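What follows is a single structure, written as structure tokens, with notes after it.
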């Protein structure tokens, strides 16, 4: 080789090109990652808005008004409606008739 | 020999040429070095420029993208079932770059035509200085408003992506959640307490022990009670036996979605954790628990309540007293002040103070809120002060402290620490009262619902327990004149593994209360309305089975 500087010089240039190339690819990947992250973030933000909107729409006070309007024959359960299983089987309890009917429905008996 | 001069001439010329060539070589050598240095310099300059282009460009790209976003995003707060109580949603905020504005006067007049933006003068004063590069015009505009501004097509007017904190349930959790400022900094409530966590981990959720359904019922019934009994305020808490707060409401309250200037300071006052009140007769629960625990009294103990007790210049009397000898059970059911004093005198002030300390009534209210108050009690625990404390006067505690203390007695005797955080295991309940005492107090509170002042809130199928209390409010250190005294009425009770406290501030007598405004006529019916609505949601089969209705009937003389 006529000049010993040429080889390192060429290598340096090649290395520079390789580094630039890698750097460029990294920056492209970074941009892609950034855009994906932004997409995720955007999706999360939209989800948050929808969730907040859902909560706003299912506000108990609003549901109460809607239930009164569209389900006039129905109401919330009352403590009197709550009985134990033993009470359900007790003869003197007025729920007996209903439980018989229930057992008929469950077992499929017909009187 | 003939000398060929021609050769000599040629040789001479050649020699001269060689001589000239050497000089030429020297000249060429210098020039070559110069051009090499020059080329390398240029090449280095190009490399350097390339480096700056590569690195600086990519940095600029990142900066540009972040520039368009103000990160005020915070973590969501959810209830125990995952309902979102507070969330950050994306909005746009409008700003102006005055250096890019062509005509500040014209721009401000066009912008001011939009009714949701500030007036022309305000905008002009903001944007008139062309040296500035950024001024806010309006934070958190709606998409519709954003479109209207964009339609104007004004140079220098732009938008930044911004986050706005929203509270989908408006007033419902106001005192607990608190609120944030326009830049998303927590100002009060949990927003302030967990500000750092919520900002650092915006994609996480903070799960609370609160239940939206129960909170809504409590809020609704307390609002009704204020209207019905013309009370100036009301508050209530529902807690389970482990200290998990299921619902907590303080009225009047505020809507954190609205500008806070619309409200008075009283709306921001959390009566449950910050307000301290003399509890009145509900404190007798503690008195009887101490007496039973220390075995200075039992269910057969008798107390003569025919004569009032003299305490210095004061006389302690009973409200609608029975004027006979009462046993322990009756004294509690009929809420006798005289009997309470006599019960206290048997165990004394030191034991009383010891148990008050154990139950957390002499410390600051424990809760994950920045707004918590400390109880007020006499610095010197004298016989006189301890005597009045036995029936709930002379000490002021927060409703949360009161509920925590009573729950710690009836839950089997375990000292609990109230919490708003779901699955909070930082405190392990420690036993402070024996199981027997706890069962007896539970039974006595059940008897109050069957035969005492809590009868109107009795729900037969469930076995609700409770105790009422009415205390007079102190104004400038006095209770005011007889007949014009303002009251605080309290009901504390529960069912299954849930406890409730309801407090009404200055309720008035109404039609059907026969001129009375004590707890039995307002706080108890309010509690009944709450029980009737929450029992179908919270009740389990065990709650139905654990009834002690007939246990204490033999002690009661009708």
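The values are calculated or read from the model by the stated rules, or taken from the named source; none is laboratory data. As the structure is a computational prediction, the values presented were derived from the model and not from experiment. As a convention, Cβ positions derive from the backbone with ideal geometry for all residues, glycine included, and neighbour counts pool all protein chains shown.
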Neighbours by Cβ (under 8 Å, 6+ apart or cross-chain): first from the range A:32-46, facing another protein chain (nearest Cβ under 8 Å); second part of a helix (DSSP H, G or I): A:34/B:62; A:34/B:65; A:38/B:65
Check on residue B:302, surrounded by fewer than 16 Cβ atoms within 10 Å (Cβ to Cβ), under 26 Å from residue B:440 (Cα atoms), in contact with a helix residue (DSSP H, G or I) (Cβ under 9 Å, 6 or more places away or on another chain) and assigned by TED's automatic domain parsing to the domain that holds residue B:427: yes
Members of the range B:201-231 that are assigned to a loop (DSSP other than H, G, I, E, B), in contact with a helix residue (DSSP H, G or I) (Cβ under 8 Å, 6 or more places away or on another chain) and away from chain A (no Cβ under 14 Å): B:229, B:231
Within the range A:55-86, tally of residues that are assigned to a helix (DSSP H, G or I), within 8 Å of another protein chain (Cβ to nearest Cβ) and either under 15 Å from the mean Cα position of the chain (by Cα) or within 30 Å of residue B:541 (Cα to Cα) (or both): 7
Tally, over the range B:68-108, of residues that are in a strand (DSSP E or B) and within 11 Å of chain A (Cβ to nearest Cβ): 11
Residue within the range B:146-160 that is free of Cβ contacts under 8 Å to residues at least 24 places away in the same chain, within 28 Å of residue B:272 (Cα to Cα) and more than 19 Å from the chain's Cα centre (by Cα) present: no
Flag for residue B:534 being part of a helix (DSSP H, G or I), in contact with a helix residue (DSSP H, G or I) (Cβ under 7 Å, 6 or more places away or on another chain), within 14 Å of residue B:497 (Cβ to Cβ) and at pLDDT 65 or above: yes
Which numbered condition residue B:190 misses (of (1) crowded, with 23+ Cβ neighbours inside 10 Å; (2) not in a helix (DSSP H, G or I)): (2)
Members of the range B:411-461 that are in a helix (DSSP H, G or I) and either within 30 Å of residue B:77 (Cα to Cα) or within 14 Å of chain A (Cβ to nearest Cβ) (or both): B:449, B:457
Qualifying residue in the range B:283-294 (condition: at pLDDT 90 or above and over 21 Å from residue B:447 (Cα atoms)): yes
Flag if residue B:245 is touching a strand residue (DSSP E or B) at 6+ places or on another chain (Cβ under 7 Å), in a strand (DSSP E or B) and assigned by TED's automatic domain parsing to the domain that holds residue B:475: yes
Some residue of the range B:92-99 being farther than 30 Å from residue B:186 by Cβ, surrounded by fewer than 16 Cβ atoms within 10 Å (Cβ to Cβ) and at pLDDT below 90: yes
The listed residue being touching a helix residue (DSSP H, G or I) at 6+ places or on another chain (Cβ under 6 Å) and either modelled with pLDDT of 90 or more or not assigned by TED's automatic domain parsing to the domain that holds residue B:108 (or both), out of B:130, B:168: B:168
